[in-house]
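Working notes for the structure below.
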Amino acid sequence: IALYARQRFFIPPTPEDLSIELDSIKQHISNCLLDVSDDPVKTIGLQGGYLATPPGTYRLYNDSQISYLCYDIPDQLPCYNRLLLVRDMEKQLEEAIKFKLQGCLDVKSFGRFRNFDVILTKDPKLDIEIRTNNILANLDYPVILKSKKGDVQVSSDTYNVVLDYPLGELYDVTQEILNVETQLGIFDALPYMIFKRGKYKIYTLKPYPDKIYIVKRDDHPYVFQFAVQGEP
């Protein structure tokens, strides 16, 4: 015990020692990002691109608040596009994931009762990039490990994790559906799926007076669903 305590608390760490500790912190941060990102990304798909759904902007179906992405035009078959943008979804995910990170990150604990200090110079800044086949979460969070005796230190600034959700790809399919809905008011999913060689599955539900589209890739369980508002 005395030898262990001496090594852990009193002998100055080498750069290699600090690098090993920093790797553990990096893994902790990456694991936190993965853990807290899962729920918001799935929810934004189930709710049609929105995490917050104010009254009048969604259709409740199977306990999901499915956002209208196309609103009814009285006495006309076509609808008008709500204009959901990729950047809108990125901002929503950034806010939700950053909030959840507060209850997950505990970097300071790595320096308790150790021969080095953990120095955090600023609050974490998160950037979400929705790409075609995945989502990139980039966290800017400078962490410095500095020996309590001497000037030895190591540092790390950014941490990246890739989330395996084809949100960007399903968003593109959604926009193609909405383009037809805004022009003709009727979208036939079967010819579209044949044209795409079965890459996507599109289910159309019709809870009166609205329509709900459920979109997914044939080889991936992730779902994006949205509603088109109908006229009673």
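Quick rundown of the values:
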{"quantity": "Nonlocal amide H pairs with Tyr165, under 5 Å, H built at 1.01 Å", "calculated": "Ile135"}
{"quantity": "The chain - share of DSSP beta bridges that are antiparallel (%, nearest 5)", "calculated": "95"}
{"quantity": "Length-normalised contact order of the chain in % [C-alpha pairs under 8 Å, at least 6 apart]", "calculated": "24"}
{"quantity": "Accessible surface of the chain, 1.4 Å probe, proportion on carbon and sulfur as whole %", "calculated": "53"}
{"quantity": "Convex hull volume of the range 128-175 per residue (C-alpha atoms, cubic angstrom)", "calculated": "58"}
{"quantity": "Residues whose placed amide H lies under 5 Å from that of Asp210, excluding near-sequence neighbours", "calculated": "Gly230"}
{"quantity": "Disulfide-incompatible cysteines by the Cβ rule (no partner under 4.7 Å) in the chain", "calculated": "none"}
{"quantity": "Under 5 Å, built H, 5+ apart or other chain: amide partners of Arg82", "calculated": "Cys70, Tyr71"}
{"quantity": "Per-selection Kirkwood Rh - the range 98-232 (Cα, Å, 1 d.p.)", "calculated": "18.8"}
{"quantity": "Whole-number accessible area per residue in Å² for the range 159-232, which is evaluated in the context of all protein chains at 1.4 Å", "calculated": "50"}
{"quantity": "Cα-based reach from Lys199 at 21 Å (exclusive), listing lysines while leaving out same-chain residues under 8 positions away", "calculated": "Lys42, Lys216"}
{"quantity": "Surface per residue (accessible, 1.4 Å probe) for the range 4-89, Å²", "calculated": "55"}
{"quantity": "Spacing of the two label points (7 Å from each Cα toward its C-beta) at Asp88 and Gln183, in nm", "calculated": "2.1"}
{"quantity": "Where Rh is the Kirkwood radius over Cα pairs, Rg/Rh for the chain", "calculated": "1.18"}
{"quantity": "From phi via Karplus (6.51, -1.76, 1.60), per-residue ³J(HN,Hα) for the range 66-72 in Hz, x at Gly/Pro", "calculated": "8, 5, 6, 9, 8, 9, 5"}
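The values are calculated or read from the model by the stated rules, or taken from the named source; none is laboratory data. Not measured: the values here are computed from a predicted model. A quick note on method: Cβ atoms are made from the backbone with ideal geometry, for glycine too, and the neighbour counts reach across all protein chains shown. Note: areas computed on protein heavy atoms with side chains; ligands, DNA, RNA excluded. Shrake-Rupley method; radii C 1.70, N 1.55, O 1.52, S 1.80 Å.
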